[in-house]
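Where a number appears in this text, it was derived from the coordinates with a stated rule and is not lab data. From a predicted model like this one, the values you see are computed outputs, not experimental measurements. Cβ: placed from backbone, ideal geometry, glycine included. Neighbour counts: every protein chain shown.
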Amino acid sequence: MNFQLEIWRQDSRDAPGHFETKHVEDVDPEASFLEMLDTLNEDLVAKGGRTVAFDSDCREGICGTCALTINGMPHGPNQVTTCQTYMRDFEDGSTITVEPFRNNAFPAVRDLAVDRSALDRIIQAGGYVSVTTGPQPDPNSQPVTPEVHQTVMDAAICIGCGACVAACPNGAAMLFTGAKVTHLNNLPQGQPERDERSRNMVLQMDEEGFGGCTNYGECARVCPQDIGIDVIGMLNREYRRSSRTKKKTHPKKMVAQ
Amino acid sequence: MAGSLIGAVRCGAASDPPPRASISYVTPDTEYRQGDNRLWGVGRNIDVDVATRELRRRRRTWIGEAWDSNVGKKLAVALTGIVLVGYVVLHMIGNLTALLGAGEAATGGAQIDDYGHWLREFGTPLLPAETFLWAVRIFLLASLVVHVVGVYQLTMRNRAARPAGFPAKRIGRSWSARTMRLTGPLLLAFIVFHILHFTLLAVDVTPLAHGEIYSNVYGAFQKWYFVVLYLAAVAALGYHLRHGVWSLFQTLGLDTPARNAYLRHGSTALAVFVVVGFWMVPISFATGALPEPVTGPNAPTEVSK
Ligand code: HEM
Ligand code: FES
């Protein structure tokens, strides 16, 4: 198969970027999109050009490192990660636009690679649970019903790729953060920090410069893990709950008169 | 990557130690945008001033903190949206009294005039006339202001969050959702016009008089352009509500997978209900289904009879 690629090239975070046209020929239809880029890079090295920088790691759809916007769709046409997107999914001879995940909270590193550590900082803000080192409570005293388990697991499968952020016209990170809050706030282990978690994660989202949700639901349409917008409802609910919770203060003291 | 971090376990205390009350300086590579009184760490080197940030976070009242955050601001938009929707539904039902006709000159004219009078007099003799009316007006105006200011600020933040010139591809947002920022401002313009027209009686293309509601409306809807304008404005309202009413449930965190279909279809039904209800009035007047007024400036004079 032959393709014309319009690839985003950008030397560094502050350098202006532009699209560059590349041609790839005799591509194996069974090659993954990343393998196709690998062959392109080998050609570029052979010719002495600068390779196209892009992120990838596991290449089996579980780590969330690969992050390309292909023809405007974060990850590609099929609601799977870029590494699980195959060249047979594209029309022979077509032109394919390849861009990074675009969001101002994701500063460019080079070409198609962006810095998504803003998402890590959202996790840092609330993605932990307290564990006592002393005697442990009886497990039966902290039951997790199958329904809760299902809800939590459906959110915990988030691989943190950031496709939801790239898809959002408002540049919001609500699906991602919603998944984290749904995951931890529904489990017994997550209860001690429940309200602090919602507040801190929302504050962190804002401070990173992510936008706000307008309930378009486009994030969920590109999520390779098929996380639904119910986690956004959960985040809204948990935030509403937490914003009303009184912070712990010292008990009032009486004064004589 | 990011997903794996969530398993990290913090041993020991259940809550954070109190923030250090030290003064820390904004580092040169951390630029702050002072948009609506909060800090935005654009330089993303945020860890440096954890202490200042913590102090700022904790000093605020819960309502201030909520209004500052994108999630909380949207919550305010949703809550004021409820007020506005509630008003719109009551207003629509009130308008339907126009369909009761022109009444008899002997008994003081149309039902809708009496209804308007009743609204003005509501609460008397306990309260001076129009007190209740003004309380509602102020409450509605405040809700509208919060709604519009919230939406405006959120829209600006949303613009700032994506690189200019690279809008996201449209992947399935509904037509009504996509046009919220069009139907919203249209509604605002219409609300201003509508108040000038029938409340302040400042758009006197057709003869208008205080308290002669039936006559005023009858006169206006003899002109095709007023009919078109009102029908169009109500259609915009319908689109706004089709997304808006469902959206407010999602924003309040009340939508769940089990309820989703009911809420979505319910808000479509509400939008249709409101649109049809409001449309009845101009359509009835324009088609001549309603009689001429018996009082007011549009009532036919003895001569013309
Ligand atoms: C008759 C008056 C109005 C009613 C009944 C109404 C109702 C609503 C409701 C229920 C929502 C959904 C709230 C949410 O989910 O957060 C909403 C959102 C919205 N309203 Fe209004 N509204 C009215 C007037 C306006 C006006 C005058 C404007 C603009 C100038 C406006 C702009 C918007 C926008 C842009 C949104 C979408 C917010 C978003 O998706 O982020 N609305 N409205
Ligand atoms: S490289 Fe790991 S998910 Fe694609």
Q. Which of A:Val165, A:Val109, A:Val45 moves the most in a Gaussian network model of chain A with Cα springs under 10 Å?
A. A:Val45
Q) Quick one: putting +1 on the C-beta of Lys and Arg, -1 on the C-beta of Asp and Glu, what dipole do you get for the stretch A:116-243 around its Cα centre, in Debye to the nearest 20? A) 140 debye
Q.
Compute the angle between helix A:174-185 and the longest alpha-carbon principal axis of chain A, please, reported from 0 to 90 degrees and rounded to the nearest 10.
A. 40 degrees
**Q.** Distance between modelled label sites at A:Ser12 and A:Val144, nm, 7 Å Cα→Cβ extension
**A.** 4.6 nm
Q: Could you work out the relative contact order of chain A, using alpha carbon pairs under 8 angstrom and six or more residues apart, expressed as a whole percent?
A: 19 percent
Q.
Report the Cα centroid-to-centroid distance between the stretch A:148-207 and the stretch A:39-90 in angstrom, as an integer.
A. 26 Å
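Taking the number of other C-beta atoms within 10 Å as the exposure measure, put A:Thr21, A:Thr95 in order starting with the fewest.
Working: A:Thr21 9, A:Thr95 12.
Ordered from fewest to most neighbouring Cβ atoms within 10 Å, A:Thr21, A:Thr95 come out as A:Thr21, A:Thr95.
From the helices alone, meaning DSSP H stretches of at least four residues, give me the mean residue ellipticity at 222 nm for the protein assembly as shown, per-run term -39500 (n - 2.57), in deg cm²/dmol to the nearest 500.
Values: 18 runs with 255 residues, N = 562.
The helix contribution divided over the protein assembly as shown gives -14500 deg cm²/dmol.
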Q | P(r), alpha carbons of chain A - 5 Å bins starting at zero, rounded % | A | 1, 6, 12, 15, 16, 13, 10, 8, 7, 5, 3, 2, 1, 1, 0, 0, 0, 0, 0
Q. Under a 5 Å amide H to amide H cut-off, with H placed in plane at 1.01 Å, what residues pair with A:Leu68 once short-range neighbours are removed?
A. A:His75, A:Thr82
(Q) Using only the alpha-carbon atoms of the protein assembly as shown as identical scatterers, what base-10 log of I(q)/I(0) does the Debye formula give at q = 0.05, 0.06, 0.13 Å⁻¹? (A) -0.30, -0.42, -1.26
Q: State log₁₀ I(q)/I(0) for the stretch B:92-188 at q = 0.13, 0.14, 0.18, 0.23 Å⁻¹ as given by the Debye formula over alpha-carbon point scatterers of equal weight, solvent excluded.
A: -0.74, -0.79, -0.99, -1.21
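Quick one: putting +1 on the C-beta of Lys and Arg, -1 on the C-beta of Asp and Glu, what dipole do you get for the protein assembly as shown around its Cα centre, in Debye to the nearest 20?
Values: 53 positive and 54 negative charges, 425 e Å.
Magnitude of the dipole: close to 2040 debye.
Roughly what % of DSSP beta bridges within the protein assembly as shown run antiparallel, to the nearest 5?
Values: 17 of 25 bridges.
The antiparallel proportion sits near 70 percent.
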(Q) To make sure I understand, if each residue's beta carbon is the centre and we count other beta carbons within 10 Å, what order do B:Tyr214, B:Tyr230, B:Tyr152 fall in, fewest to most? (A) B:Tyr152, B:Tyr230, B:Tyr214
Q: On a 0 to 90° scale, report how tilted helix A:33-47 is relative to the longest principal axis of chain A, with both axes built from alpha carbons and the result rounded to the nearest 10.
A: 50 degrees
Q.
Please list, in order along the stretch B:72-86, the HN-Hα scalar couplings obtained from phi with the Karplus expression 6.51 cos²θ - 1.76 cosθ + 1.60 (θ = phi - 60°), rounded to whole Hz, x for Gly and Pro.
A. x, 5, 5, 4, 5, 4, 5, 5, 5, x, 4, 4, 5, 5, x
Q) Counting only residues 5 or more places away or on other chains, whose amide H sits under 5 Å from the amide H of A:Glu20 once H atoms are built in the peptide plane? A) A:Ile7, A:Trp8, A:Arg9
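Just want the ordering: A:Leu34, B:Leu75, B:Leu141, B:Leu127, from fewest to most Cβ atoms lying within 10 Å of their own Cβ.
Working: A:Leu34 18, B:Leu75 22, B:Leu141 11, B:Leu127 14.
With the fewest neighbours first, A:Leu34, B:Leu75, B:Leu141, B:Leu127 line up as B:Leu141, B:Leu127, A:Leu34, B:Leu75.
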Q. Once amide H atoms are placed 1.01 Å from N in the peptide plane, what residues at a sequence separation of 5 or more from A:Ala172, or on another chain, have their amide H within under 5 Å of its amide H?
A. A:Gly211
Q) Which of A:Leu184, A:Cys223, A:Val165 sits farthest toward the positive end of the charge dipole of the stretch A:116-243, with +1 on the Cβ of Lys and Arg and -1 on the Cβ of Asp and Glu? A) A:Val165
Q.
Placing +1 on the Cβ of each Lys and Arg and -1 on the Cβ of each Asp and Glu in the stretch A:3-113, which of A:Ala105, A:Leu37, A:Thr69 has its Cα farthest towards the positive end of the resulting dipole?
A. A:Ala105
Q: Taking only Cα atoms and a 10 Å spring cutoff, compute GNM fluctuations for chain A and point out the largest among A:Ala179, A:Ala155, A:Ala53.
A: A:Ala53
Q. Could you give me the ³J(HN,Hα) list for the stretch A:112-127, computed from phi with Karplus coefficients 6.51, -1.76, 1.60 and θ = phi - 60°, whole Hz, x at Gly and Pro?
A. 9, 9, 10, 8, 9, 5, 4, 5, 4, 6, 5, 5, 4, 5, x, x
Q) Expressed as a whole number of Å, what is the distance separating the alpha-carbon centroids of the stretch A:12-26 and the stretch B:263-286? A) 52 Å
Q: Pull up the DSSP beta bridges for the stretch A:3-113 and report the antiparallel fraction as a percent, rounded to 5.
A: 75 percent
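If r is the Cβ-Cβ distance from B:Arg181 to B:Ala235 and R0 is 22 Å, what FRET efficiency results, to the nearest 0.05?
Working: r = 17 Å, r/R0 = 0.75.
Efficiency computed from Cβ-Cβ geometry: 0.85.
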**Q.** Efficiency of FRET between B:Phe122 and B:Val272 - r from beta-carbon atoms, R0 25 angstrom, step 0.05
**A.** 0.25
Q.
Rounded, prolate or oblate for the stretch A:144-257? Axes are the square roots of the Cα gyration tensor eigenvalues, ordered a ≥ b ≥ c, and the cut-off for rounded is a/c under 1.5.
A. oblate
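Which entries of A:Lys252/B:Lys74; A:Lys253/B:Lys73; B:Lys74/B:Lys169; A:Lys180/B:Lys74 show an alpha-carbon separation above 25 angstrom in the structure shown? Please list the in-between numbers first.
Numbers: A:Lys252/B:Lys74 35 Å; A:Lys253/B:Lys73 36 Å; B:Lys74/B:Lys169 23 Å; A:Lys180/B:Lys74 20 Å.
The pairs that break the limit, which is 25 Å between Cα atoms, are A:Lys252/B:Lys74; A:Lys253/B:Lys73.
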